[in-house]
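Structure record follows, encoded as structure tokens.
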Amino acid sequence: MDAIKNLINRKSAKKLELPFPTKEEMNIVYESALRAPDHAWLRPTKFLEFKGDSLKKLSKIFEDFAKKHYSDDELFIEKARMAPFRAPMVIVLITEVKNHPKVPAIEQMLSTGAAAQNILLALNAQGYGGVWKTGKLALNDNITKFFNLGENHHILGYLYIGTKTGEDRKVPEINIEDFVVRH
């Protein structure tokens, strides 16, 4: 796929189903992800990949977190329990923040954000779809404990991955001049 066309036409998938990418295709995806900008070559970005039966494990993690931190919200507990089954594959986006005098935590998290975009673009180029989800299950220091991650780890979101089905999302036209000031 033409690189510019891939950039301009990529959009979050509304609905995802089987098949998900093969291990070989995911190796290309991860290789693309790890080409994201990374000041001082710290390699702060980590991924947890769940697919098939391991989605049940992710569901249990989400449910346990929701029961502990939102015990009075039965609707959210059920939503958290069912969340992993929105797609046949889920990647957890993690930043392992490392102490460095010139690279603050936010820059390391931005590197993971750039890696996530590279994942979505690599998936799109191979004919797959994805969507990045956050909410209460991400950007929350309490959730990392349920993944047995250290205090220096931050979950930036979840990429739901599979084959796009149904109609593509409608993306509004963008007037570039609304976003760019040229000097």
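Averaging over all projection directions, the Cα-based convex hull of segment 118-174 occupies 5.9 nm² in the image plane.
3J(HN,Hα) couplings calculated from phi for segment 140-147 with the Karplus curve 6.51 cos²θ - 1.76 cosθ + 1.60 (θ = phi - 60°) are, in sequence order, 9, 5, 6, 5, 4, 4, 6, 9 Hz; Gly and Pro show x. Counting only aspartates and glutamates at least 8 places from Lys60 when in the same chain, those with an alpha carbon closer than 13 Å to its own are Glu78.
Listed by chain and number, the lysines placed with their C-alpha closer than 19 angstrom to that of Lys98 are Lys46, Lys145; residues fewer than eight positions away on the same chain are left out. Checking the cross-link pairs Lys56/Lys136; Lys133/Lys164; Lys11/Lys56; Lys51/Lys133; Lys68/Lys164; Lys23/Lys67 against a 25 Å limit on the alpha carbon distance flags Lys11/Lys56; Lys68/Lys164; Lys23/Lys67 as lying beyond it.
Give me the aspartates and glutamates in straight-line cross-link reach of Lys14: C-alpha distance below 18 Å, same-chain residues under 8 apart excluded. Straight-line reach from Lys14, under 18 Å: Glu167, Asp168. Direction-averaged projected area, Cα convex hull, the chain: 13.0 nm², rounded to one decimal.
Residues whose amide H lies under 5 Å from that of Ser12, counting only those 5 or more places away or on a different chain, are absent; hydrogens are built 1.01 Å from N in the peptide plane. Based on Cα contacts under 8 Å between residues 6+ apart, segment 1-85 shows a relative contact order of 20 percent.
Bear in mind that the values in this text are calculations on the coordinates, not laboratory data. Computed from a predicted structure; not experimentally measured.
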